[in-house]
1. Local charge sum around Trp311 (other residues, Cβ-Cβ under 14 Å, Lys/Arg +1, Asp/Glu -1)?
2. Show me, for the range 214-223, the HN-Hα J-couplings you get by feeding each phi into the Karplus relation (A = 6.51, B = -1.76, C = 1.60, θ = phi - 60°), rounded to Hz, glycine and proline as x.
3. Kindly write out, for the range 83-99 in residue order, the coupling ³J(HN,Hα) from the Karplus curve 6.51 cos²θ - 1.76 cosθ + 1.60 (θ = phi - 60°), rounded to whole Hz, with x marking Gly and Pro.
4. Under a 5 Å amide H to amide H cut-off, with H placed in plane at 1.01 Å, what residues pair with Leu66 once short-range neighbours are removed?
5. Only residues of the range 267-283 count here: report those whose backbone N is under 12 Å from the spot 7 Å along Cα→Cβ of Gln37, or say none.
6. How big is the accessible area of Lys275 in square angstrom, nearest 10, if you roll a 1.4 angstrom probe over the protein chains?
7. Heavy atoms only, probe 1.4 angstrom, no DNA, RNA or ligands counted: give me Ser296, Ser93 ranked by accessible area, highest first.
8. By the gyration tensor of its Cα atoms, with a ≥ b ≥ c the square roots of the eigenvalues, what is the shape of the range 185-262: rounded for a/c under 1.5, prolate for a/b over b/c, or oblate?
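The values are calculated or read from the model by the stated rules, or taken from the named source; none is laboratory data. None of these values were measured; they are calculated from a predicted model. Glycine also receives a Cβ, built like all others from the backbone with ideal geometry; neighbour counts cover every protein chain displayed. All accessible areas refer to the heavy atoms of the entire protein, side chains included, with ligands and DNA or RNA removed. Shrake-Rupley method; radii C 1.70, N 1.55, O 1.52, S 1.80 Å.
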Amino acid sequence: MVKQYQPRNPRILILIFAAALPLATCAQAAGWDYQWQQAQAVTQIPSLPVTAEVVQNVHATQTLMLPFEVQVHTVYVQSGQQVQAGEPLLKMSGPLVLNFAERLEIAEHHAKAAALRISDNQSRYAAGDILRETWLEWQHQAHQTALELAALRQQQQLLAQWQAKTGSDGITLLASSAGNVLFDTELQAGAQVSAGSRLFSMQQSQQTVLELRLPAAQQANSVQTPNCTLALTWQSGVVEQQFRRYRSTVLTADCALLPGQRLSVQPWQTLAGFKLPRQAIVQNGSGDAVITGPESPALLPVRVLGRSGDWVYLQGDLAGKSVATADVAALKGQLQGMGGTE
């Protein structure tokens with residue numbers, strides 16, 4: 001009678017068999033449901049919440065100066081005239097105005113292409129396939145295109161403060177709040193206004209705004225309350241105990257805030273990065289990371305810049321990559337169990 005062989009520990013065969021299976025097969029067998037999502041590129045990053053106060057902004061003056069040449073198309077008001085919020089003030093024309101949207105779109109395309117070329121060729125440069133001179137030239141181009149895009153976006157934000165409306169014959173600027181419009185010189189249709197010249201200023205009537213303090217090294221261009229988002233249009237020229245004061249545009253009706261009220265708000269700044277669900281972040285030995293894939297899942301170190309709601313905003317080599325957003329802890333455990341980077 002032949003005695004049938006039985007292993008002393010049946011678990012050994014199970015572990016060997018499981019180790020030979022692809023990661024996805026093991027995940028399905030264990031009941032995990034990995035989900036993958038492309039990192040979304042963003043240009044606005046939230047900062048940590050701070051306390052703001054609703055204050056009276058008495059006779060504040062708001063000035064418009066554009067860094068490019070414009071032509072006056074139509075003047076709707078006279079100097080010293082009282083206007084209400086949303087009332088048209090001035091229509092601008094000229095080549096740089098009419099093709100502004102096209103210039104912004106081209107700048108966004110060039111900046112994205114230059115940054116993607118750098119990220120896609122890091123390994124080739126490290127391997128010596130790309131000359132150092134070529135690599136430095138690519139880096140210079142990426143830097144220049146990023147600066148050009150940032151300048152145009154700043155101009156776009158400036159126009160947005162005046163509720164700019166774009167038409168086929170120019171851009172119309174509207175009063176951002178009630179107040180008196182003041183022209184330094186008489187503007188007439190057809191007049192050319194050189195770059196850096198003041199188009200006009202507006203002395204706002206007594207209204208309420210948000211005032212907050214931020215560390216001197218921090219920048220912000222807007223602030224978000226539970227009910228509304230406001231542009232930050234004024235900052236103090238003096239730093240007080242390492243902090244600088246900011247004030248928002250006039251509070252709108254949907255903000256539902258009263259003078260003297262204090263509340264928690266979230267500042268936002270112009271900064272390139274990526275946006276992912278909070279659950280995509282994992283911890284490894286050196287700090288925060290995400291798991292890219294799905295073909296060859298791997299831990300990728302990232303730098304978390306801010307959080308807002310269910311989203312996390314970060315920087316890292318994420319252009320065009322998909323990131324795990326569900327059962328992330330289980331996937332990390334699988335990677336570590338198979339010898340992945342911790």
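1. Net local charge, Trp311 excluded: +2.
2. For the range 214-223, the Karplus curve yields 10, x, 4, 7, 8, 10, 7, 10, 7, 9 Hz.
3. 10, 10, 4, x, 6, x, 10, 7, 10, 9, 9, x, x, 6, 7, 5, 9
4. Here the answer is Gly196, Ser197, Leu199, since their amide H atoms fall under 5 Å of that of Leu66.
5. Output list for this probe position: 275-281.
6. 40 Å²
7. Putting Ser296, Ser93 in descending order of accessible area: Ser296, Ser93.
8. Cα axes put the range 185-262 in the oblate bin.
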